[in-house]
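*Asks:* A single structure is presented below for examination.
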Amino acid sequence: MQKRSSYFLYFIIFFCISLLLLFSSKVSFLKPVNSIVQVVFAPVQSLTYGIYSSVINIGSSSKLKLLEDENRLLIKKLADLKKVEGDNKALQDQFQTVNIRSTSLLPAGVIGAPGLIPGISVPETLTLNRGQADGVKVGQAVIYKDNLIGKVIKTSNYLSSVLLITNSSSSFTASSLETNALGVVKGGGGGGLIFDNILLSESLKKDDLVVTKGDVNQKGEGFPKGLIVGKIASVSKNASDLFQKAKVKQLVDLTKLNAVFIIINP
C-alpha cells in the first residue's frame, strides 16, 4: 500500500511538471526553457506514468477477477435455489392431487433420459436418482401426480431405470373411465400409446380418460387401480375385426419431467 502511495506521489509531481510545460509552451519567452525541460524530463515522465498505470491496472484486474468469481457463485446459488423451488412445487402438486397415500410415495429426480433428442425423438426409459438403498424395487410403479409414467425395471444401490409406458415393450390392462370399456394399453414406441383388444360391443368415446385397471401382485409389483394413462385421441372400429382399438394421448410431457414419484407401498 505504501509502495503504491509513492508511485502516486511521483505521478503528482510529474503531472505538475507537465502542467508547467504546457503553460510554458503557451508563453513565447519561455519556449526555449520549455524545450530544454521536455528533453530532460520526458523519459522520466513516460516511465513514471507507465509504472503508475501498471499498478492501477493490476489493482483493477484483481478487483475484476474477484467480481467475476462472486458473480459465478451467485449464479450457482440462484440455480440451486430454483432447483429447490422446483422440487418443493413438485412435492406440493403431487400430494395435492394424487389419490395414493403420501407415505407410499418416494420422490425421485430424473437424471437421465436415454434416447431423447429434443424435437426428433423421445425417451424410452428414464434414469432416477433413487435405488435399492431407498427401498426401490423392480416392478414398482412410477407416477407424476395421478398420471402413470412407467415401472422400475432395474435397480442399483442409488439409481434405478424406469420403462416408460410408451415403450414398445410395455403393456398392461386398463379401462375407459366413462364407458368402462376394458382393454390392453400397449406402448407404440416414439411416445405413442394404443388402447387395444377392446370388444366391438364396448363403447369408446374420444377424449374419454383411460385409467389402469389394477394389477398389483403380492410382492407389490404392478400398477394400482385408477392411475391416468391418457385420453382417447381417436377410435378405430371395423365390423370385420374381432376387436376395436384407440390411440391414446398422454397428459404429461415426458421430455420435460424433472421429478417423479415411485410407489413403494401400493
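The values are calculated or read from the model by the stated rules, or taken from the named source; none is laboratory data. For clarity, every value in this text was computed on a predicted model and none was experimentally measured. Heads up, the Cβs are rebuilt from the backbone with ideal geometry, glycines too, and the neighbour counts pull from every protein chain shown.
*Asks:* Can you tell me how many residues in segment 165-198 are surrounded by fewer than 23 Cβ atoms within 10 Å (Cβ to Cβ), under 22 Å from Leu105 (Cβ atoms) and not polar (S, T, N, Q)?
*Replies:* 1
*Asks:* Kindly provide the set of residues from segment 221-236 that are surrounded by 16 or more Cβ atoms within 10 Å (Cβ to Cβ) and not charged (D, E, K, R), ordered by number.
*Replies:* Correct list: Gly222, Phe223, Pro224, Leu227, Ile228, Val229, Gly230, Ile232, Val235.
*Asks:* What number of residues within segment 143-158 satisfy the criterion of being within 16 Å of Ala259 (Cβ to Cβ) and either β-branched (Val, Ile, Thr) or without any contact (Cβ under 8 Å) to a residue 40 or more places away in the chain (or both)? Quick ask: steps written out before the conclusion?
*Replies:* Our first condition is that a residue be within 16 Å of Ala259 (Cβ to Cβ); within segment 143-158, this holds for 143-150, 152.
Now drop any that are not either β-branched (Val, Ile, Thr) or without any contact (Cβ under 8 Å) to a residue 40 or more places away in the chain (or both), which leaves 143, 149-150, 152.
Qualifying residue count, segment 143-158: 4.
*Asks:* Would you check which residues across segment 100-141 are β-branched (Val, Ile, Thr) and within 19 Å of the chain's Cα centre (by Cα) and list them?
*Replies:* If the condition is that a residue be β-branched (Val, Ile, Thr) and within 19 Å of the chain's Cα centre (by Cα), then Val110, Ile111, Ile117, Ile120, Val122, Thr125, Thr127 are the ones that fit.
*Asks:* Would you say Gly220 is in a loop (DSSP other than H, G, I, E, B), touching a residue at least 24 places away in the same chain (Cβ under 8 Å) and more than 30 Å from Ser240 (Cβ to Cβ)? Even if it seems obvious, please write down each step before you answer.
*Replies:* Working: in a loop (DSSP other than H, G, I, E, B): yes; touching a residue at least 24 places away in the same chain (Cβ under 8 Å): yes; more than 30 Å from Ser240 (Cβ to Cβ): yes.
For Gly220, the condition - in a loop (DSSP other than H, G, I, E, B), touching a residue at least 24 places away in the same chain (Cβ under 8 Å) and more than 30 Å from Ser240 (Cβ to Cβ) - is met.
*Asks:* Here's something else I'd like to know. Tell me which residues, restricted to segment 177-197, are free of Cβ contacts under 8 Å to residues at least 40 places away in the same chain and at positive phi.
*Replies:* Hit for segment 177-197 is Asn180, nothing else.
*Asks:* Given the conditions (1) buried (at least 17 other Cβ atoms within 10 Å of the Cβ); (2) in contact (Cβ under 8 Å) with a residue 60 or more places away in the chain, which single one is not true for Asp208?
*Replies:* (2)
*Asks:* Still on this structure, please answer the following. Pro123 versus (1) closer than 11 Å to Ile263 by Cα; (2) modelled with pLDDT under 95; (3) buried (at least 17 other Cβ atoms within 10 Å of the Cβ): which is the lone unmet condition?
*Replies:* For Pro123, the failing item is (1).
*Asks:* Would you point out which residue out of Gly183, Gly188, Gly150 is modelled with pLDDT under 95 and not in a loop (DSSP other than H, G, I, E, B)?
*Replies:* Just a single option satisfies the conditions, and that option is Gly188.
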